[in-house]
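To start, the structure under review is shown below, and the notes come after it.
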Amino acid sequence: MARTNPLQFINQVRAETAKVVWPTRREVLLTTGMVFVMAALTAVFFAVVDILIRSGLSGLLSFFG
């Protein structure tokens, strides 16, 4: 593996960083909002599933118990 001197490395890092397409502020806010919405929907979904399973098991245990 060939060694690169520090100056060449820094120049290569700058060249690669210039190729990056950074998101706009609007894109960041939209995607962050979508993450929060999806997390809330997931939490509600699992809460409802938990309530249904708990009530189903409670009904079964009271029926057989």
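Before we move on, is PHE46 assigned to a helix (DSSP H, G or I) and either of a type in the set (Val, Ile, Thr) or modelled with pLDDT of 95 or more (or both)?
For PHE46, the condition - assigned to a helix (DSSP H, G or I) and either of a type in the set (Val, Ile, Thr) or modelled with pLDDT of 95 or more (or both) - is met.
Could you say whether any residue in region 3-16 is outside any loop (DSSP other than H, G, I, E, B), surrounded by 10 or more Cβ atoms within 10 Å (Cβ to Cβ) and among the hydroxyl-bearing types (Ser, Thr, Tyr)?
No - not one qualifying residue is present in region 3-16.
Could you list all residues from region 49-65 that are loosely packed, with under 10 Cβ neighbours inside 10 Å and in a helix (DSSP H, G or I)? Let's see the steps before the verdict.
First, the residues of region 49-65 that are loosely packed, with under 10 Cβ neighbours inside 10 Å: 61-65.
Selection gives LEU61, SER62, PHE63, PHE64.
Only one residue in THR31, THR24 is in contact with a Pro (Cβ under 8 Å, 6 or more places away or on another chain) and polar (S, T, N, Q), so which one is that? Show your work before the answer.
On the way: THR24 fails: in contact with a Pro (Cβ under 8 Å, 6 or more places away or on another chain).
Result: THR31 is the single residue among THR31, THR24 that is in contact with a Pro (Cβ under 8 Å, 6 or more places away or on another chain) and polar (S, T, N, Q).
Suppose the filter is under 28 Å from the mean Cα position of the chain (by Cα), exposed (fewer than 10 other Cβ atoms within 10 Å of the Cβ) and in a helix (DSSP H, G or I); does GLU27 pass it?
On the way: under 28 Å from the mean Cα position of the chain (by Cα): yes; exposed (fewer than 10 other Cβ atoms within 10 Å of the Cβ): no; in a helix (DSSP H, G or I): yes.
Criteria not met by GLU27.
The values are calculated or read from the model by the stated rules, or taken from the named source; none is laboratory data. Remember, it's a predicted structure, so these values are computed and weren't measured experimentally. Positions of Cβ are generated from backbone atoms using ideal geometry, with glycine treated the same way; all protein chains shown enter the neighbour counts.
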